[in-house]
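Since the structure comes first, as structure tokens, the remarks are kept for the end.
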Amino acid sequence: MDPFPKEGEGAAAGEPSRGAAPSSGVVVQVREKKGPLRAAIPYMPFPVAVICLFLNTFVPGLGTFVSAFTVLCGARTDLPDRHKCCVFWLNIAAALIQILTAIVMVGWIMSIFWGMDMVILAISQGYKEQGIPQQL
């Protein structure tokens, strides 16, 4: 079977021909779906987020553990319907996962990505507070 239809076959079968322009659409809104652990990462001030990234880079889970306490100090998360204590324990669980799986390098890599997410959230929060439109 020929993978490319002969000229005229595609149009006869109701398929668009290769020369036709693809249908254009408009994306109204794109929203990232976050799991409970990812949504529990707090929006911290930029310097605190950088310190947590530094800690997570050299001691897996330590920066995540520190960030859990920022939730108790009033840091906002993407879980507004959950109580602060619940979000605190979700962050502690993420820190424990990072510490326990650091032996096989998975936790260390996860810890670094977690710290990078903290910095990204801090930067995006700074843009929102200043009213500057962000382009990532």
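The values are calculated or read from the model by the stated rules, or taken from the named source; none is laboratory data. Because the structure is predicted, anything quoted here is derived from the model rather than measured. Glycine also receives a Cβ, built like all others from the backbone with ideal geometry; neighbour counts cover every protein chain displayed. The protein model used for the area step is the full one, side chains on, heavy atoms only, and it has no ligands, DNA or RNA in it. Shrake-Rupley method; radii C 1.70, N 1.55, O 1.52, S 1.80 Å.
Here is a list: TRP108, TRP114. Which entry is at pLDDT 90 or above and open to solvent by 60 Å² or more (accessible area, probe 1.4 Å)?
Details: TRP114 fails: open to solvent by 60 Å² or more (accessible area, probe 1.4 Å).
Being at pLDDT 90 or above and open to solvent by 60 Å² or more (accessible area, probe 1.4 Å) holds for just one of TRP108, TRP114, which is TRP108.
If you go through segment 44-65 one residue at a time, do you hit one that is in a helix (DSSP H, G or I), over 17 Å from the mean Cα position of the chain (by Cα), at pLDDT 90 or above and more than 15 Å from GLY115 (Cβ to Cβ)?
Just the residues of segment 44-65 that are in a helix (DSSP H, G or I), to begin with: 46-58, 62-65.
Okay, now just the ones that are also over 17 Å from the mean Cα position of the chain (by Cα), so 47-48, 51, 54-55, 57-58, 62, 65.
Applying the additional criterion that residues be at pLDDT 90 or above yields 47-48, 51, 54-55, 57-58, 62, 65.
If we keep only those that are more than 15 Å from GLY115 (Cβ to Cβ) too, we end up with none.
No: zero hits.
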